[in-house]
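Heads up: the structure comes next, in structure tokens.
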Amino acid sequence: QKEVEQNSGPLSVPEGAIASLNCTYSDRGSQSFFWYRQYSGKSPELIMSIYSNGDKEDGRFTAQLNKASQYVSLLIRDSQPSDSATYLCALMWGGGNKLTFGTGTQLKVEL
Amino acid sequence: DVKVTQSSRYLVKRTGEKVFLECVQDMDHENMFWYRQDPGLGLRLIYFSYDVKMKEKGDIPEGYSVSREKKERFSLILESASTNQTSMYLCASSFRSAGNQPQHFGDGTRLSIL
């Protein structure tokens, strides 16, 4: 069974700060990793994907992957109140492009 | 933009009823998925399909079945609804690939079984 672990939070950060969200996983064979954002009552929305070790930047978001240590993280720079949501980490494995999701970290950006 | 459309946002049914949840995608995706999401348990895969008329069980298939007669449509069926099937149901789709195509989600159906 593939396991994806996230701290449920809530993680509170002041507006303008860097929010750091972390995720660990159990399957060394996993190749692709995704971060989804989910607002309360809404469906998950893809914000980042990462496949190789290192950093990948997209606007205010940076995904970091370390396969040797089996963790993936998401940094949000200049956090805004609109970033307040639950962030889901997911890894892709096996045939059929299945995803295993973590239970999510709730982020609160405070004014 | 990818569009995944679920037939209902909110649905209320009674115990024992047969319930159909419909999902349609417009991106010619090969893969389609049904999840349920419950507080503290996250997203759990019920069934998925990688081609027309093909289906595979996910982590929690008991009490559910699926149908995929056309590439763009994937239906989830609750054979005899029970109160423990009250949940948010999410449909997703993706291209079939070597393993780097993300899934795109519909808006979800919040199903209540009374």
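Throughout, read-outs are computed from the coordinates displayed, never taken from laboratory work. Just so you know, these numbers come straight off a predicted model, no measurement behind them. Reconstructed Cβ throughout: ideal geometry from the backbone, glycine too, with neighbour counts over all protein chains shown.
Taking the Cα centre as origin and putting +1 on Lys and Arg beta-carbons and -1 on Asp and Glu beta-carbons, what dipole magnitude results for the protein assembly as shown, to the nearest 20 debye?
Values: 26 positive and 26 negative charges, 105 e Å.
The calculation lands at about 500 debye.
Count, for each residue of B:26-35, the Cβ atoms from other chains sitting within 10 Å of its Cβ, then give me the mean as a whole number. Don't skip to the end; give the middle numbers.
Working: counts 0, 0, 0, 1, 2, 3, 0, 4, 0, 4.
For this peptide, the per-residue mean of nearby foreign Cβ atoms is 1.
Over 15 Å apart: what share of the alpha carbon pairs of region B:42-114 falls there, rounded to a whole percent? Numbers along the way, then the final one.
Details: 1550 of 2628 pairs.
Cα-Cα pairs of region B:42-114 separated by over 15 Å account for 59 percent.
Which trypsin sites (Lys or Arg not before Pro) from region B:22-88 combine a DSSP loop assignment with at most 13 other Cβ atoms within 10 Å? Could the numbers behind the result be given before it?
Details: sites: B:R36, B:R44, B:K53, B:K55, B:K57, B:R68, B:K70, B:K71, B:R73; in loops: B:K53, B:K55, B:K71.
Taking region B:22-88 and a limit of 13 other Cβ atoms within 10 Å, the loop trypsin sites (Lys or Arg not before Pro) found are B:K53.
Taking the Cβ of each residue in B:L11, A:L111 as the centre, tally the other Cβ atoms inside 10 Å and list the residues starting with the fewest. Working shown, then result.
Working: B:L11 16, A:L111 7.
The most exposed by this proxy come first: A:L111, B:L11.
Is there a pair in A:K98/B:K53; A:K2/B:K71; A:K42/A:K98; A:K67/A:K98; A:K108/B:K13; A:K67/B:K57 whose C-alpha atoms are over 24 Å apart, and which pairs would that be?
A:K2/B:K71; A:K108/B:K13; A:K67/B:K57
Just tell me how shielded A:97-106 is by partners: mean number of partner chain Cβ atoms within 10 Å of each residue's Cβ, no decimals. It would help to have the intermediate numbers written out before the result.
Numbers: counts 16, 11, 9, 5, 6, 2, 7, 4, 0, 0.
For peptide A:97-106, the averaged partner shielding equals 6.
Which one of B:T109, A:Q64, B:L76 has its Cα pushed farthest toward the positive end of the charge dipole of the protein assembly as shown, where Lys and Arg give +1 and Asp and Glu give -1 at the Cβ?
B:L76
Once you place label points 7 Å from the Cα toward the Cβ at B:S112 and A:E45, how far apart are they in nm?
For B:S112 paired with A:E45, the spin-label model returns 2.7 nm.
Between region B:1-65 and region B:87-114, how far is it from one alpha carbon centroid to the other, in angstrom?
Value for the Cα centre distance between the two parts: 6 Å.
If I build a Gaussian network model for chain A, linking alpha-carbon pairs within less than 10 angstrom, which residue out of A:R60, A:R77, A:R37 has the largest mean-square fluctuation?
Maximum among the listed residues: A:R60.
Equivalent ellipsoid semi-axes for chain A, as square roots of 5 times the alpha carbon gyration tensor eigenvalues: give them largest first, rounded to whole Å. If you can, show how the numbers build up before the last one.
Values: eigenvalues 108, 43, 28 Å².
The equivalent ellipsoid of chain A has semi-axes of 23, 15, 12 Å.
How much length is gained if the chain between A:Q31 and A:S69 is pulled fully straight, taking 0.36 nm per residue apart and subtracting their Cα-Cα distance, in nm to one decimal?
Details: separation 38, 0.36 × 38 = 13.68 nm, distance 1.36 nm.
Working it through step by step, the gained length comes to 12.3 nm.
Of A:I50, B:I60, how do they rank once you tally other Cβ atoms within 10 Å and put the fewest first?
Details: A:I50 21, B:I60 14.
Ordered by Cβ neighbours within 10 Å, fewest first: B:I60, A:I50.
Based on the alpha carbon coordinates of the protein assembly as shown, what radius of gyration and maximum Cα-Cα distance (Dmax) apply, in Å?
Just the Cα atoms of the protein assembly as shown yield Rg and Dmax of 17.5, 51 Å.
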